[in-house]
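The values are calculated or read from the model by the stated rules, or taken from the named source; none is laboratory data. Keep in mind that this is a model prediction, so the values were computed, not measured. Reconstructed Cβ throughout: ideal geometry from the backbone, glycine too, with neighbour counts over all protein chains shown. Calculation scope for accessible area: heavy atoms of the full protein, side chains included, ligands and nucleic acids excluded. Shrake-Rupley method; radii C 1.70, N 1.55, O 1.52, S 1.80 Å.
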Amino acid sequence: MIVVTGATGNVGRALVGLLTEAGLPVTAVARHITAADVPPGVRAVAADLAEPAGLRPAFDGARALFLLVAGEDPDGILAAARDAGISQVVLLSSQGAGTRPRAYQHPARFEAAVRESGLDWTVLRSGGMATNAFAWAESIRTRRGAEAPFGDVGLPFVDPEDVAAVAAAALREPGAHLGATHTLTGPASTTPRERAAAIAAALGEPVRFTEQTRAQAHEQMARFMPLPAVEGTLAILGEPTEEEQRVSPDVERVLGRAPHSFDAWAQRNAPAFR
């Protein structure tokens, strides 16, 4: 049995599908989840990582755990996993935990807890995800417009399906990824302007891109993100380090194929923007 937390999210949903297709028993965990949200045969358990004491029913009988950075008590979550007999954890973290640990203290704390947990562990440091473009879905649907800061600064955004595929490999073959930290990116850097153009190409209609000022982006992000995360995100988007701009070989090394391009992601997800 493999427990997948965040099972209704972009990565978790894809991971549940991959593990199920491989014939592995899966428990899908999210704060709000029912049997209707998961494939047939998958056990759905509503639980909250912010409340580790309530995780035991989800963890009982499992061998491995796919863990998100969520809640404030990684040690409590991992203790519950150990007590339930879980022996392996694969953590979905952020590339910023390595490149900007002061700004990304939350994922950095989870990484430290996982490494010190006594469990077999693998850390996946994801770069920016292609699904961040869903933030444009409403504006593109209603007025064929997209707004973002730093319109011509490129980063190698990664397809969440590739993140899920790497996680599935780590969960299925724990020995091959024991103690590994994989950095996950797409195959090439793309700018916000180029990503808007890729969505336009997928739609077959023009999309007008407008570059926000840093202040405008800060005000928008601060509505739903803590301020340290806002500052860290804007720093990466506007002044990425060489490491943050570099295409990582880890997806291809693990999967034996190149990561999906943003163009391919846009084609696959065009209905969300129509």
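Packing-wise, with mean Cβ within 10 Å as the measure, how do 4-14, 30-40 rank, highest first?
With the highest mean Cβ count within 10 Å placed first, the list reads 4-14, 30-40.
Could you list which residues have their amide H under 5 Å from that of M129, counting only those 5 or more apart in sequence or on another chain, with H placed in the peptide plane?
Distant-sequence amide H within range of M129: V158.
Quick one: which residues, 5+ away or cross-chain, put their amide H under 5 Å from the amide H of V26? H built at 1.01 Å from N.
Under 5 Å from the amide H of V26: I2, R43.
Charges only on Cβ, +1 for Lys and Arg, -1 for Asp and Glu: so what's the dipole of region 128-225 about the Cα centre, in debye to the nearest 20?
About 260 debye.
With point charges of +1 on the Cβ of Lys and Arg and -1 on the Cβ of Asp and Glu, referenced to the Cα centre of the chain, which listed residue (T233, G151, F209) lies farthest in the positive direction of the dipole?
The one lying farthest along the dipole's positive direction is F209.
Please give the FRET efficiency for R172 paired with Q105, using the beta carbon to beta carbon distance and R0 = 35 Å, rounded to the nearest 0.05. Before the final figure, lay out each step's value.
Values: r = 31 Å, r/R0 = 0.89.
E(calc), rounded to 0.05, equals 0.65.
Order the peptides 81-87, 201-207, 211-217 from the highest to the lowest mean number of other Cβ atoms within 10 Å of their residues. Working shown, then result.
On the way: 81-87: 17.0, 201-207: 15.1, 211-217: 13.6.
Averaged packing, sorted descending, gives the order 81-87, 201-207, 211-217.
Express in whole angstrom the spacing between the alpha-carbon centres of region 52-128 and region 142-169.
24
Return one number: the angle in degrees, 0 to 90 and rounded to the nearest 10, between the long axis of the Cα atoms of helix 227-238 and the longest principal axis of the Cα atoms of the chain.
Compared with the principal axis, the helix lies near 50 degrees.
Mind ranking 98-105, 258-265 by how tightly packed they are, going by the mean number of other C-beta atoms within 10 angstrom, highest first?
Highest to lowest by the protection proxy: 258-265, 98-105.
For the chain, what is the accessible area per residue in Å² when the probe is 1.4 Å? Mind dumping the intermediate values first?
Working: 12330 Å² over 274 residues.
Per-residue accessible area for the chain comes out at 45 Å².
In whole Hz, with x marking every Gly and Pro, tabulate ³J(HN,Hα) for region 146-158 from phi via Karplus 6.51 cos²θ - 1.76 cosθ + 1.60, θ = phi - 60°.
Result, rounded to whole Hz: 9, 10, 6, x, 6, x, 10, 9, x, 9, x, 4, 10.
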